[in-house]
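To start, the structure under review is shown below, and the notes come after it.
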Amino acid sequence: MTSIAKPLIPLVALPKNDLGLTVRDYEGAVSTLCAGCGHDSVTAAITHTFWELSMPPHTIAKLSGIGCSSKTPTYFVRGAHGFNSAHGRMVTIATGANAANRELNYIGISGDGDSLSIGLGHLAHAIRRNVNMIYIIENNGVYGLTKGQFSASADIGSRLKKGEPNAIAPIDPILLGLSMGATFLARSFSGDKAQLVPILKAAAAHNGLALIDVISPCVTFNDHEGSTKSYRFMREHEVKEIETDFVPIRKEIHRAVDEHDATEITMHDGSVVRFRSVPEGYDPYDRQKVEEYIRDRRSRGEIATGLLYVDEEALDVHELNNTPRYGLNQVPYEKLCPGSAALTTMQESFR
Amino acid sequence: MAIDTAQETNVRINDFSIKLANVNGTGSASANSLLMQAIFRMGIPVSGKNLFPSNIQGLPTWYEIRVNKSGYTARALDYDLMIAMNSATYREDINDVREGGYVLYDSSWPLDADLLREDVTFLGVPLAKVCIENFAAPRERILMKNIAYAGAVVALVGLDFDLVSGLLAETFAKNELLRESNQNALRLGYQFAKDNFECPLPFRVEAMDATSGCILIDGNTATALGCLYAGATVAGWYPITPATAVMDNFTRLCAKYRREPVENPLPGELPYKNNYLILQAEDEISAIGMVLGASWSGARSFTSTSGPGISLMNELLGLAYYTEIPAVIVDVQRTGPSTGMPTRTQQADILLCAYASHGDTKHILLFPANPRECFEFAVQSFDLAERFQTPVFMLSDLDIGMNDWVVPELTWDDSYVPDRGRVLNDTDLATMAEFFRYTDADADFVTPRTLPGSDEKGAYFIRGSGHDKFGKYTENADEYQEVVDRLKKKHASAAPHVPAPIVEHTKGASVGIITLGGCDLAVREAVHELAERGVATDFMRVRGFPFVSDVRRFAEEHEVCFVVEQNRDAQLRSLISIETGFPIESLHSVLAYGGFPLSARQVVDGVLSHLEKKS
């Protein structure tokens, strides 16, 4: 997990965002993942997203657990505060950080081992609490750092390089999220930055936990014939019927390609997610219909991607607990301590 | 009726103990604490110990009241009066009474002849019968039996009837119906005892003035108050006996003292905001994770748990230690190992907490002895955690946490300023060329930290993996060792900052006794009793870890040194020996680990039997 600093001087003039920063300002150290790793594409999409959103780097807090995916926060937004925690525990730390300071933009990077095995309980309960954060699962169906064991997302019949095909049922984080009351569920493919970036922007605008399951092939241990998490399998089986554009707040709204199909969702901060194309009868607000659609596609061996479900009305953990609009870490001590007079008074009932 | 006076021979004033044997879930707890509270209100030192089962209804449960004018209110093992309300435990309860003592039982049914003892006096009160005659509702008939026996006890030990009646009225101030039936039941029991027995018995109370300026409080409430006053805003927790009441109380206190009014609330918005966030986690792993996240972000944050919870938290406690994140963990200890006896007390998490997590770790521990120290040490825990950027454990126990104690009133210094430790803000960062997380150590080997959201210059990447002093990943031996060596020195530097040991010398003592936490009262009483038996002892109660050098010196200065604690494996003795280098074989253990609070007799017996063996 060594990290190599990137040279900071650009060779050509790069475009600047509203803060006057280039995309290079949103990068981190050079990746030490395997060449061709899907995770690096996700890193690139995250970098691009934060740059395009002109998000001040210091307002971003990036967290991760343990595993290949969890190494990636080192590789984006070097100006953000980062926390590489313990295996499966990322979201518990993120929940506490968010509880103390709701004003930052939290992004958690996890993997299928981190989130669907050792940290499954924490993920489920963070979804229920609706912690306001982006939660990315870089999902490759395999344990990379320990050299290629099946993870809990491996499909039945999927094969490792060696050994028997997987015989036990996979955990699909999207179906899990639907049953846990998730308020934002998306699936994407690391090989498709054009799809992933608008989803990430919508996730950043979402008020609550935005779960993004990114199929991100492991070129070393799970990109072979017989794998259902390979580049080839995804290219052949991905169904991109649900496509979205993200329209930032106060920006001119460009007309969607298929205007007649367009469904718009106004996010909490006023930005708009526009569904460019959805299959007939698809309703991203309808938990039951979304589940039926995903199951139907799955039964045909297809993987539906896109922004699959949104509930922008739900309250996040702070709204549920009626905390101040600013961070609890900002409340001055004088407001927190009832003082000696109150202590004397309350002790009258201790006699 | 005999009219007794204090001058009468063989009469003991304000020096006796009562044991009440009940069935849990029948409402006896309120009657028992009523008696204890009444004694406290009469100005007499008293303790009440609830010895209860891990069960909601139907199992045996006991309550012990010890009255002692000198303030020795550790658990007594000699019972002058047994209130035998549970026929299932008659035999053991009757056997428990000291020679010459009394047994009060429900004479609605006859007592088996083979239960009778010649050396005790049986006081039959037809409680069930009286309650059936006087109350209509089935539940009332059961509940009122408790208040009725309390009424009998009031007469038997000479409690002020009007005072007890007044207390009952306070308790049921808002419920007229219950108030009336309770008063009725109290009077029925009282009158029956007055009419049928020689009241008061040869041991009794007499009002004194030893509890003015004192309060009656349990350790869990006091701990919650400490966390409130320390300014904790975020708490993560998972329900567990005997710690649950810490967070129940914190929640209740926050709802009362931490709501800030909102001017002009938006439509649908409440007219106040909560300056706190308490998260009931899915497990203790998550609870400590939340604490670390919140502390990383600069909020004062804590969790409360018991041994099984600490076991689960181990992984993240190591992360906090190695990455230097403050955390306050309240461990209300119960009897282990495993599930153990959840409603019994012990001090068996000392080593677990001192070295929690894999790898080389050492933590700061505080050992409160009573609810007052729970309050004070809870506040200090936050100061120490933030000053030393590390987890701090406050090791309370079930006896301290769940029983009511008479302690001096809690006081608060309004000039208190929280020690937030070394935290750099954006102004500080602006004056610096560069910031690296683990450089610029102070005299205590603490390095300054930044909080998430601070300027980019202060941004760094926390990692539980090997890191150098710049916070960068490393697998280099020297770089790794440089950081962990500083952590060891940082821990040692905390020694003078944890609460200092309490030491009390007796003239000419060559025997020393070291103890901790809830053993305090029993050991003090033992010191007194040993002196009466001609064994002069010096007393040391350690109140924090790492140890100051006084601890080793105390051991060295005594020909014989005992360590008294409530666990099987002499964990405090081991910790002292490991950390001070004092030879373990020169420390003699007196151990009590059956799950009940320590009594002086156990200490006296342990000390004397060793000294006799020696001579």
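Considering only residues in the range B:285-309 that are free of Cβ contacts under 8 Å to residues at least 60 places away in the same chain and more than 7 Å from every other protein chain (Cβ to nearest Cβ), the one that is farthest from residue A:100 (Cα to Cα) turns out to be B:307.
The residue of the range B:463-491 that is farthest from residue B:524 (Cα to Cα), among those that are surrounded by fewer than 17 Cβ atoms within 10 Å (Cβ to Cβ) and among the aromatic types (Phe, Trp, Tyr), is B:470. Out of B:577, B:510, one residue alone is hydroxyl-bearing (Ser, Thr, Tyr), within 30 Å of residue B:489 (Cβ to Cβ) and surrounded by fewer than 23 Cβ atoms within 10 Å (Cβ to Cβ). It is B:577.
Does residue B:494 qualify as being farther than 19 Å from residue B:606 by Cβ, among the hydrophobic types (A, V, I, L, M, F, W, C), within 14 Å of chain A (Cβ to nearest Cβ) and crowded, with 18+ Cβ neighbours inside 10 Å? Judged against the criteria, residue B:494 is not a match.
Going by the structure shown, is residue B:458 small (Gly, Ala, Ser), buried (at least 22 other Cβ atoms within 10 Å of the Cβ) and without any contact (Cβ under 8 Å) to a residue 60 or more places away in the chain? Judged against the criteria, residue B:458 is a match.
Condition check ((1) surrounded by fewer than 24 Cβ atoms within 10 Å (Cβ to Cβ); (2) of a type in the set (Asp, Glu)) across all residues:
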position: A:31; (1), (2): yes, no
position: A:44; (1), (2): yes, no
position: A:58; (1), (2): yes, no
position: A:79; (1), (2): yes, no
position: A:94; (1), (2): no, no
position: A:103; (1), (2): yes, yes
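Among the numbered conditions (1) touching an Asp or Glu at 6+ places or on another chain (Cβ under 7 Å); (2) more than 9 Å from chain A (Cβ to nearest Cβ), the only one that residue B:455 does not meet is (2).
From the list B:231, B:236, which residue is at the interface with chain A (Cβ under 7 Å from one of its Cβ atoms), at pLDDT 95 or above and in contact with a strand residue (DSSP E or B) (Cβ under 8 Å, 6 or more places away or on another chain)? Reasoning before the result, please.
Numbers: B:231 fails: in contact with a strand residue (DSSP E or B) (Cβ under 8 Å, 6 or more places away or on another chain).
Of the residues listed, the single one that is at the interface with chain A (Cβ under 7 Å from one of its Cβ atoms), at pLDDT 95 or above and in contact with a strand residue (DSSP E or B) (Cβ under 8 Å, 6 or more places away or on another chain) is B:236.
Scanning the range B:376-429 for residues being assigned to a helix (DSSP H, G or I), out of contact with any Gly (no Cβ under 6 Å at 6 or more places or on another chain) and either hydroxyl-bearing (Ser, Thr, Tyr) or within 25 Å of residue B:542 (Cβ to Cβ) (or both) gives a total of 12.
Going through (1) more than 21 Å from residue B:398 (Cβ to Cβ); (2) touching a residue at least 60 places away in the same chain (Cβ under 8 Å) one by one, residue B:94 falls short only on (2).
Could you say which residue among B:130, B:103 is under 19 Å from residue B:23 (Cβ atoms) and not in a helix (DSSP H, G or I)? Steps first, answer last, please.
Working: B:130 fails: not in a helix (DSSP H, G or I).
Of B:130, B:103, the one residue that is under 19 Å from residue B:23 (Cβ atoms) and not in a helix (DSSP H, G or I) is B:103.
From the list B:59, B:51, the one residue that fits, being in contact (Cβ under 8 Å) with a residue 60 or more places away in the chain and surrounded by fewer than 22 Cβ atoms within 10 Å (Cβ to Cβ), is B:51. The helices (runs of 4 or more DSSP H) found wholly in the range A:1-102 and carrying at least 3 residues that are of a type in the set (S, T, N, Q) and within 14 Å of another protein chain (Cβ to nearest Cβ) occupy A:90-100.
Among B:270, B:279, which is the only one that is in a loop (DSSP other than H, G, I, E, B), over 18 Å from residue A:66 (Cβ atoms), facing chain A (nearest Cβ under 10 Å) and of a type outside the set (Phe, Trp, Tyr)? Of the residues listed, the single one that is in a loop (DSSP other than H, G, I, E, B), over 18 Å from residue A:66 (Cβ atoms), facing chain A (nearest Cβ under 10 Å) and of a type outside the set (Phe, Trp, Tyr) is B:270.
What pairs come up if the first residue lies in the range B:407-423 and is within 7 Å of chain A (Cβ to nearest Cβ), the second is among the hydroxyl-bearing types (Ser, Thr, Tyr), and their beta carbons are under 6 Å apart, counting only those six or more places apart or on different chains? Listed pairs, sorted by first residue: B:412/A:340; B:414/A:340; B:418/A:333. Mind checking whether some residue in the range B:533-556 is surrounded by fewer than 19 Cβ atoms within 10 Å (Cβ to Cβ), over 28 Å from residue B:490 (Cβ atoms) and among the small types (Gly, Ala, Ser)? Yes, there is a match, as at least one residue in the range B:533-556 is surrounded by fewer than 19 Cβ atoms within 10 Å (Cβ to Cβ), over 28 Å from residue B:490 (Cβ atoms) and among the small types (Gly, Ala, Ser).
So residue B:114 clears everything in (1) outside any helix (DSSP H, G or I); (2) over 20 Å from residue B:28 (Cα atoms) except one condition, right? Which one? Only one criterion is unmet by residue B:114, namely (1).
Evaluate the following for residue A:160: is it within 25 Å of residue A:221 (Cβ to Cβ) and more than 14 Å from chain B (Cβ to nearest Cβ)? First the steps, then the outcome.
On the way: within 25 Å of residue A:221 (Cβ to Cβ): yes; more than 14 Å from chain B (Cβ to nearest Cβ): yes.
Yes.
Selection within the range B:310-343: residues that are away from chain A (no Cβ under 11 Å) and among the small types (Gly, Ala, Ser). The member of this set that is surrounded by the most Cβ atoms within 10 Å (Cβ to Cβ) is B:336.
Considering the conditions (1) more than 23 Å from residue B:599 (Cβ to Cβ); (2) crowded, with 22+ Cβ neighbours inside 10 Å, residue B:74 is excluded by exactly one of them, (1). The residue of the range B:377-406 that is nearest to the other protein chains (Cβ to nearest Cβ), among those that are β-branched (Val, Ile, Thr) and touching a strand residue (DSSP E or B) at 6+ places or on another chain (Cβ under 6 Å), is B:406.
The values are calculated or read from the model by the stated rules, or taken from the named source; none is laboratory data. Please read these numbers as outputs of a predicted model, since none were measured by experiment. Note: ideal-geometry Cβ built from the backbone for every residue, glycine included; neighbour counts use all protein chains shown.
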